[in-house]
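The values are calculated or read from the model by the stated rules, or taken from the named source; none is laboratory data. Given the structure is predicted, the values throughout are model-derived calculations rather than measurements. Methodologically, a virtual Cβ is constructed for each residue, glycine included, from the backbone with ideal geometry; neighbour enumeration extends over all protein chains shown.
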Amino acid sequence: MDSTERHAAGTEHPTGSAGAGAADQQPDWPDPARLREVTERLAGAPPLVFPAECDRLRERLGAVARGEALLLQGGDCAETFAGATQESVEGKLRTLLQMAVVLSHGAALPVVKVGRMAGQFAKPRSRPVERQGSVELPVYRGDAVNGPGFTARDRTPAPERLGRMYEASATTLNLVRALTTGGFADLAQVHAWNRAFVAATPGSRRYERVADEITRALAFLRACGGDTRALATADFHVSHEGLLLDYERALTRTDPESGRTYATSGHLLWIGERTRRLDGPHVAFFSRIANPIAVKLGPSTTPDEVLRYVDLLDPDRQPGRLTFVVRMGAERIRDALPLLVEKAASEGAPVCWVSDPMHGNTFTGDDGRKTRRLDAVADELKGFVEVHRTLGTHAGGVHLELTGEDVTECLGGSHTIAPEMLSHRYESACDPRLNPAQALDLAFLLAEWYRDGTAALS
Ligand SMILES: O=C[C@H](O)[C@H](O)COP(=O)(O)O
Ligand SMILES: C=C(OP(=O)(O)O)C(=O)O
Ligand SMILES: [Mn+2]
């Protein structure tokens, strides 16, 4: 058996198939032979990301763990193959870069930018099937698995989609790399976009103050002989939920220099709330890859579980290796988070704490669409910052579902989206995303909380 075959076979693979029981949330592939063919091909394909890039992100996240930087992570809930276009990738990048400038100014810290991009094609779901009238079909699990149309043909999991996931990820990464090393990320240009947003935003006096300060800071930088183009190369990495273990195992590679094994499907992978079973195959797989990794923590998480994740996933206590992304809901964050943070701090675990204020605040509106109120999202984020301020720990950043297009999927914001507007442009393949104005609203609020504290601000 050559190394390619070993990768595909699983049992002798460096990331193995350990972990009790079957992996949660895996598709019911109807044709295992076809699945094997596809994963064997992927096991011989070039890596999408390289070990040195993953190590670099881990170092940058080490600064977040030490309180010297912030993490901004964002992108679609579910990427689609059709969405791997220049326009769509540019829009998300632009929004994230704009947010990063605002946050960096507010917190006076560098911002580590990570897209939910170039691999976010698979979804865990609450229910395995969807029923419409008397017809029941497998639920849509992301373009990596099946199609969104409510037909048996679309909904049958098709392994060749894993090959298309690899290709769409490569296309997206190519765009990300080109855009972040070209003039697109020039700080002066990004700030000009922010000024345009502020000018077009109703009641934006508070934003104007921040935008004026950034304008002055840029003028000062130039006066000192600095060059905003020197900042044009944005350090940008990509991430996704490492959900489909067949795909992830096929794309692991062992670095001949260090002998360490990396998932090469993305720089950072995370374990979702639905697959974080301590004795499960996802945790076992993640314990064997050297990438920076994250775990989503929902409201049922206990302090002891937090410690077990640290022991299993970051036994060397390496700053930047492990990030906890908390998604409790606005009503629970202030009660549920302190015990978890205190437990990790008392053990000296050098983890990053990041808020996902989206997934605990989803509800289904009268028209049957999933949505989120920006007020609730902001409230959870504020609660997250408050908890850390009270404990004297570092609120390490934010993880958001957002898009660069003017969609109408979440409610509220300074360009108010009202419930009757949801149908205008609801395009998400899964969960409702912030549009660029809502994402920037949140960035300006968060920047104020970092700068001035949360107490004095509404
Ligand atoms: O993105 C997260 C989950 O996949 C999503 O919230 C699940 O949605 P569902 O409850 O509609 O299955
Ligand atoms: C599935 C997701 O979140 P969670 O695992 O936190 O529910 C997600 O980030 O899209
Ligand atoms: Mn989601």
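Things to note:
- Summed over region 239-265, residues that are touching a residue at least 60 places away in the same chain (Cβ under 8 Å), within 16 Å of ligand 1 (Cβ to nearest atom) and either more than 19 Å from E167 (Cβ to Cβ) or touching a strand residue (DSSP E or B) at 6+ places or on another chain (Cβ under 8 Å) (or both) total 3.
- Residues considered: T95, T80. Of these, the only one that is out of contact with any His (no Cβ under 8 Å at 6 or more places or on another chain), within 16 Å of ligand 3 (Cβ to nearest atom) and of a type in the set (S, T, Y) is T80.
- D316 meets the conditions (1) more than 16 Å from ligand 3 (Cβ to nearest atom); (2) among the acidic types (D, E); (3) crowded, with 23+ Cβ neighbours inside 10 Å in every case but one. The failed one is (3).
- Residue check: V295 meets all listed conditions (1) closer than 24 Å to E68 by Cβ; (2) more than 16 Å from ligand 1 (Cβ to nearest atom); (3) under 20 Å from the mean Cα position of the chain (by Cα); (4) not in a helix (DSSP H, G or I) but one, namely (2).
- Given (1) within 16 Å of ligand 1 (Cβ to nearest atom); (2) under 26 Å from A263 (Cβ atoms), index of the condition R131 fails: (2)
- Filtered residues of region 266-292 (kept if farther than 16 Å from A52 by Cβ, away from ligand 1 (no atom under 16 Å from the Cβ) and surrounded by 24 or more Cβ atoms within 10 Å (Cβ to Cβ)): F285, F286
- Figure legend. Inter-residue proximity from region 424-442: first residues closer than 26 Å to N146 by Cα, second residues within 16 Å of ligand 2 (Cβ to nearest atom) and part of a helix (DSSP H, G or I), beta-carbon distance below 8 Å, spacing 6+ or different chains. Indicated pairs: L434/V377.
- Of residues in region 105-142 being surrounded by 12 or more Cβ atoms within 10 Å (Cβ to Cβ) and β-branched (V, I, T), the one farthest from ligand 2 (Cβ to nearest atom): V111
- Residue count for region 404-430 satisfying the condition of being closer than 14 Å to A376 by Cβ and touching a Cys at 6+ places or on another chain (Cβ under 7 Å): 1.
- The selection criterion, being modelled with pLDDT of 95 or more, within 16 Å of ligand 3 (Cβ to nearest atom), of a type outside the set (D, E, K, R) and more than 24 Å from R451 (Cβ to Cβ), does not hold for A45.
- Residue in region 57-75 that is small (G, A, S), touching a strand residue (DSSP E or B) at 6+ places or on another chain (Cβ under 9 Å), within 19 Å of L402 (Cβ to Cβ) and within 16 Å of ligand 2 (Cβ to nearest atom) present: yes
- Qualifying residue in region 82-101 (condition: of a type in the set (V, I, T) and at pLDDT below 95): yes
- For region 418-454, the tally of residues that are part of a helix (DSSP H, G or I) and either away from ligand 2 (no atom under 16 Å from the Cβ) or at pLDDT below 95 (or both) stands at 19.
- Scanning region 61-79 for residues that are surrounded by fewer than 21 Cβ atoms within 10 Å (Cβ to Cβ) and in contact (Cβ under 8 Å) with a residue 60 or more places away in the chain turns up G62, A63, R66, G67.
- Taking the conditions (1) in a loop (DSSP other than H, G, I, E, B); (2) closer than 23 Å to L269 by Cα; (3) more than 16 Å from ligand 1 (Cβ to nearest atom); (4) not acidic (D, E) in turn, S169 satisfies each one other than (1).
- Among the residues making up region 347-370, those that are farther than 21 Å from F324 by Cα and within 15 Å of ligand 2 (Cβ to nearest atom) are F363, K370.
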